[in-house]
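Visitor: Structure in structure tokens, see below.
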Amino acid sequence: MSFSRVAIIGLGLLGGSLGLALREKLPGVETFGYDRDPATRARAAERGLVAQVVDSAAEAVLGCDLVILCVPVGAMQEAAREIAASLPAGAIVSDVGSSKRSVQQALAEALPDHVAIPAHPVAGTEQSGPDAGFPSLFDGRWCILTPPANAPQDAVERLAELWRDLGARVEIMDAEHHDLVLAVTSHIPHLIAYTIVGTASDMEDVTRSEVIKYSAGGFRDFTRIAASDPVMWRDVFLNNRDAVLEMLGRFTEDLTALQRAIRAGDGDTLHELFSRTRDIRRSIIDEGQDDAAPDFGRDH
Ligand code: NAP
């Protein structure tokens, strides 16, 4: 067991899942939790997301050897500042934020005397809040650690071991590379979903009821992503601005090329691309990152 006492700050989808996974898979680890919203704290205590829910971040981290910040990326620095004075010497601080460069900087500034190892479990759903968490969220998923250059190797290994114990596979990357990879695999897809759903809801010549009635044609699958938490995603785009803008430039060029192919009646270009993309879907299933059931296993 790499840690004996873990504090979780933020008890929504990620914090709740982490607490439940710790309690189920590492029952010898003591768990403490805090969320700034009293209603979330009450619900977290009812659901037993952690063994003990307390009334301040400073109290949650007392005596802990690991603290994991599970708040939106824009709130990481504030959360880190709240724990700074009561954090035990030698405690490791980590997080689960979806972008890493800004979090690494925020933790280094707020906690200059502590070891901070940012992390991102690439696992989630479109739900948020204290009812959304479940203990198997990390099973078979990747957790990316982005240790700063000066992070002690044994601390990185202890954190990696914890995530493996929770069911995840661990990869180590530098924060810049993480942000670029996740911009293309997660952040741009969310931006596209937000755009399509927004565009459809603003249309004048196709009614809202038609959009909803015929949504099974593809729109419905974008609405799952576009239902994701607005605060969390606002913060992701504000904090991973450079990588998102770089990838968005590439995406816009590719979209323009497709527009040209459609206008020119160039079926070969369309067919070649659509065949390549189908292969990507097969690789995701082969890698165990999704189910092969048709239509995402929906009951028909
Ligand atoms: P969530 O369900 O909304 O939970 C976040 C919780 O943190 C909320 O209860 C929020 O309270 C609380 N909070 C905000 N600021 C705080 C502070 N300063 N101190 C204490 N609590 C605070 O969001 P989530 O989906 O768990 O996301 C948490 C983190 O995980 C984010 O950084 C996100 O990027 C990352 N992540 C999310 C996913 C995903 O699919 N959702 C996947 C991987 C990583 P209020 O409601 O009062 O604001």
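Visitor: Quick check on my filter: what residues within region 197-217 are open to solvent by less than 60 Å² (accessible area, probe 1.4 Å) and either within 25 Å of A132 (Cα to Cα) or assigned to a helix (DSSP H, G or I) (or both)? Steps first, answer last, please.
Guide: Going through region 197-217, the residues open to solvent by less than 60 Å² (accessible area, probe 1.4 Å) turn out to be 197-198, 200, 206, 211, 215.
Once the filter is applied, which keeps residues that are open to solvent by less than 60 Å² (accessible area, probe 1.4 Å) and either within 25 Å of A132 (Cα to Cα) or assigned to a helix (DSSP H, G or I) (or both), region 197-217 yields V197, G198, A200, V211, S215.
Visitor: Kindly evaluate D55 against the criterion of being within 9 Å of the ligand (Cβ to nearest atom) and open to solvent by 20 Å² or more (accessible area, probe 1.4 Å). Even if it seems obvious, please write down each step before you answer.
Guide: Numbers: within 9 Å of the ligand (Cβ to nearest atom): no; open to solvent by 20 Å² or more (accessible area, probe 1.4 Å): yes.
Judged against the criteria, D55 is not a match.
Visitor: Here is a follow-up. (1) under 27 Å from R234 (Cβ atoms); (2) open to solvent by 20 Å² or more (accessible area, probe 1.4 Å); (3) part of a helix (DSSP H, G or I): which one isn't true of A44, the others all being true?
Guide: If we test A44 against (1) under 27 Å from R234 (Cβ atoms); (2) open to solvent by 20 Å² or more (accessible area, probe 1.4 Å); (3) part of a helix (DSSP H, G or I), just (2) comes out false.
Visitor: Name, by its number, the condition in (1) in contact with a strand residue (DSSP E or B) (Cβ under 9 Å, 6 or more places away or on another chain); (2) closer than 17 Å to L166 by Cα; (3) away from the ligand (no atom under 13 Å from the Cβ) that does not hold for L18.
Guide: (3)
Visitor: Using the structure shown, decide if V50 is closer than 20 Å to R23 by Cα, crowded, with 21+ Cβ neighbours inside 10 Å and either out of contact with any Leu (no Cβ under 7 Å at 6 or more places or on another chain) or at pLDDT 95 or above (or both).
Guide: Values: closer than 20 Å to R23 by Cα: yes; crowded, with 21+ Cβ neighbours inside 10 Å: yes; either out of contact with any Leu (no Cβ under 7 Å at 6 or more places or on another chain) or at pLDDT 95 or above (or both): yes.
Criteria met by V50.
Visitor: Output yes when any residue across region 101-122 is out of contact with any strand residue (DSSP E or B) (no Cβ under 9 Å at 6 or more places or on another chain), under 26 Å from D55 (Cα atoms), open to solvent by 30 Å² or more (accessible area, probe 1.4 Å) and assigned to a loop (DSSP other than H, G, I, E, B), and no when none is.
Guide: Yes: one or more hits.
Visitor: If we scan region 58-65, do we find a residue that is part of a helix (DSSP H, G or I), crowded, with 20+ Cβ neighbours inside 10 Å and within 14 Å of the ligand (Cβ to nearest atom)? Talk me through it step by step, then tell me what you get.
Guide: Step one: filter region 58-65 for residues part of a helix (DSSP H, G or I), giving 58-60.
Restricting the remaining residues to those that are crowded, with 20+ Cβ neighbours inside 10 Å gives 60.
After this cut, where a residue has to be within 14 Å of the ligand (Cβ to nearest atom) as well, the list is 60.
Yes, region 58-65 contains a residue that is part of a helix (DSSP H, G or I), crowded, with 20+ Cβ neighbours inside 10 Å and within 14 Å of the ligand (Cβ to nearest atom).
Visitor: Find all pairs meeting these conditions: Cβ atoms under 7 angstrom apart; at least six residues apart or on different chains; first residue within region 11-24 and under 12 Å from A51 (Cβ atoms) and part of a helix (DSSP H, G or I); second residue near the ligand (Cβ under 9 Å from one of its atoms) and open to solvent by 10 Å² or more (accessible area, probe 1.4 Å).
Guide: Listed pairs, sorted by first residue: none to list.
Visitor: Just to be sure before I move on: is L166 touching a residue at least 60 places away in the same chain (Cβ under 8 Å) and buried (at least 16 other Cβ atoms within 10 Å of the Cβ) in the structure I sent? I'd like the intermediate steps shown before the answer.
Guide: Numbers: touching a residue at least 60 places away in the same chain (Cβ under 8 Å): yes; buried (at least 16 other Cβ atoms within 10 Å of the Cβ): yes.
Taking the combined requirement at face value, the residue satisfies it.
Visitor: Among the residues of region 27-42, are any more than 30 Å from A243 (Cβ to Cβ), among the β-branched types (V, I, T) and within 15 Å of the ligand (Cβ to nearest atom)?
Guide: Filtering region 27-42 for residues more than 30 Å from A243 (Cβ to Cβ) gives 27-34, 37-42.
Okay, now just the ones that are also among the β-branched types (V, I, T), so 29, 31, 40.
Still in the list and also within 15 Å of the ligand (Cβ to nearest atom): 40.
Within region 27-42, one or more residues are more than 30 Å from A243 (Cβ to Cβ), among the β-branched types (V, I, T) and within 15 Å of the ligand (Cβ to nearest atom).
Visitor: Inspect region 210-224 for any residue being at negative phi, within 17 Å of the chain's Cα centre (by Cα) and touching a residue at least 40 places away in the same chain (Cβ under 8 Å) and give the result as yes or no.
Guide: If we filter region 210-224 for residues that are at negative phi, which is where we start, we get 210-217, 219-224.
With within 17 Å of the chain's Cα centre (by Cα) added as a condition, the list becomes 224.
Among the residues that remain, those that are also touching a residue at least 40 places away in the same chain (Cβ under 8 Å) are: 224.
Yes, some residue in region 210-224 is at negative phi, within 17 Å of the chain's Cα centre (by Cα) and touching a residue at least 40 places away in the same chain (Cβ under 8 Å).
The values are calculated or read from the model by the stated rules, or taken from the named source; none is laboratory data. Computed from a prediction, not measured in an experiment: that's the story for all the values here. FYI the Cβ positions are ideal-geometry reconstructions off the backbone, even for glycines, and counts take in every protein chain you see. Side chains included, ligands, DNA and RNA excluded: accessible areas come from the protein's heavy atoms. Shrake-Rupley method; radii C 1.70, N 1.55, O 1.52, S 1.80 Å.
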